[in-house]
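**Q** There's a structure below that I have some questions on.
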């Protein structure tokens, strides 16, 4: 039996206790979280992944593509995902820690729910039986790897919804090598956090510690705003908001971004000449001669860009 499942609207506490006990027996290294996807579950739910896998089963978008993704804008990502029929991959409305610092990394997902004492008591008892520490934010934080972005569903909670303060934020920065943080919740110690050079997106800042919540999932599908986020998604953030890109579309998004940038470059060059009205150039040249000129320019510049970049 697999350990991962989605929580239905109503759940029998006895069934949840049985599930929790099974997770403990099969995955003691995961510190007794209520629900996690096994490696095989992650493979099953991300079957279109074209890359290798991380040890935990998440898609492993290559580091070379992560570097390229730091140059992406929301508009460039949108163009491809809309064509693919993925209309719910963008979340905004965050406070942004370093608006000028782009973010790109692999999603490490974390889910909290409002505290329910009977469920929490089961979790504590099972953890104690197995000699494990209590369930908490650091349970997951200690599992982070280089290149991860910690993506946390704290259901928009402000007071006691603070996933990290400046000390744990510093740890996340070191563990992920500056990957990043996205939390549908809050952070604390904003003055201290602002001095740490890692991108972060959060709903609010609050002085209270995390509390009145329970950890219910690690590396499971979660909701951030209107987005369903899968573990291993490519997380891309700019000064507008955050995109969560399924791994199978990463290469398409990056290649299309190159084309969009060359198109914008050529368009501005033609505007600089002062010979044309905007409608004659943008978004597509009306003159067949200009169309051929653009296609030749596009081909040349893409060859230069890819030669300069080298193999991925």
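**Q** Would you list 176, 139, 286 from fewest to most Cβ contacts within 10 Å?
**A** Details: 176 22, 139 19, 286 11.
Going from least to most buried by this count: 286, 139, 176.
**Q** So between residue 79 and residue 240, what do we pick up on full extension, going 0.36 nm a residue minus the alpha carbon distance? Please report the intermediate quantities before stating the final value.
**A** Values: separation 161, 0.36 × 161 = 57.96 nm, distance 1.57 nm.
This chain segment gains 56.4 nm when fully extended.
**Q** Between residue 305 and residue 283, how many nm apart are label points set 7 Å from Cα along the C-beta direction?
**A** Each label point is offset 7 Å from its Cα along the Cβ direction, giving 1.7 nm.
**Q** I've got another one for you. Per-residue ellipticity at 222 nm for the chain, helices alone: DSSP H runs ≥ 4 residues times -39500 (n - 2.57), over residue total, nearest 500 deg cm²/dmol?
**A** Details: 11 runs with 122 residues, N = 312.
Result for the chain, helices only: -12000 deg cm²/dmol.
**Q** What is the extension gain from residue 248 to residue 39, computed as 0.36 nm multiplied by their sequence separation minus the C-alpha to C-alpha distance, in nm to one decimal?
**A** Details: separation 209, 0.36 × 209 = 75.24 nm, distance 1.82 nm.
Between residue 248 and residue 39, full extension yields an extra 73.4 nm.
**Q** With the crude spin-label approximation of a point 7 Å out along Cα→Cβ, what separation in nm comes out for residue 124 versus residue 174?
**A** Going by the 7 Å Cα→Cβ label model, 3.1 nm.
**Q** For the stretch 251-309, go through all pairs of different Cα atoms, get the mean of 1/r, take its inverse, and jot down that Kirkwood value in Å.
**A** Hydrodynamic radius (Kirkwood, Cα only) of the stretch 251-309 equals 12.1 Å.
**Q** May I pose another question? Using alpha-carbon positions, what is the distance between the centroids of the stretch 37-61 and the stretch 66-92, in Å?
**A** Cα centroid to Cα centroid, the span is 21 Å.
**Q** Taking 20 °C and 1.002 mPa s as the conditions, I'd like the Stokes-Einstein D for the chain in µm²/s, using the Kirkwood hydrodynamic radius from alpha carbon pairs. Walk me through the numbers on the way to the answer.
**A** On the way: Rh = 21.1 Å.
Estimated diffusion coefficient is 101 µm²/s.
**Q** Please find the FRET efficiency linking residue 194 to residue 155, where r is the Cβ-Cβ separation and R0 is fixed at 22 Å, and quote it to the nearest 0.05. Mind showing how you got there, number by number?
**A** Values: r = 25 Å, r/R0 = 1.13.
E(calc), rounded to 0.05, equals 0.35.
**Q** Quick one: Debye curve from the C-alpha atoms of the stretch 169-216, no solvent, what's log10 I(q)/I(0) at q = 0.20, 0.26, 0.31 Å⁻¹?
**A** One equal scatterer on each Cα of the stretch 169-216 leads to -0.72, -1.09, -1.26.
**Q** Can you grab the distance from the C-alpha centre of the stretch 188-243 to the C-alpha centre of the stretch 253-288, Å, no decimals?
**A** When both Cα centres are located, 37 Å separates them.
**Q** Still on this structure: What is the antiparallel percent of DSSP beta bridges lying wholly in the chain, to the nearest 5?
**A** Working: 22 of 39 bridges.
Bridges in the chain that DSSP calls antiparallel: roughly 55 percent.
**Q** How much length would be gained if the chain were fully extended between residue 113 and residue 290, taking 0.36 nm per residue of separation minus their Cα-Cα distance, in nm to one decimal? Before the final figure, lay out the partial values.
**A** Details: separation 177, 0.36 × 177 = 63.72 nm, distance 5.71 nm.
Taking 0.36 nm per residue and subtracting the Cα distance, the gain is 58.0 nm.
Read-outs: derived from the displayed coordinates by stated rules, not from any lab. A quick note: this is a predicted structure, and the numbers were derived from the prediction, not measured. No Cβ is skipped: glycine too gets one built from the backbone with ideal geometry, and neighbour counts run over all protein chains shown.
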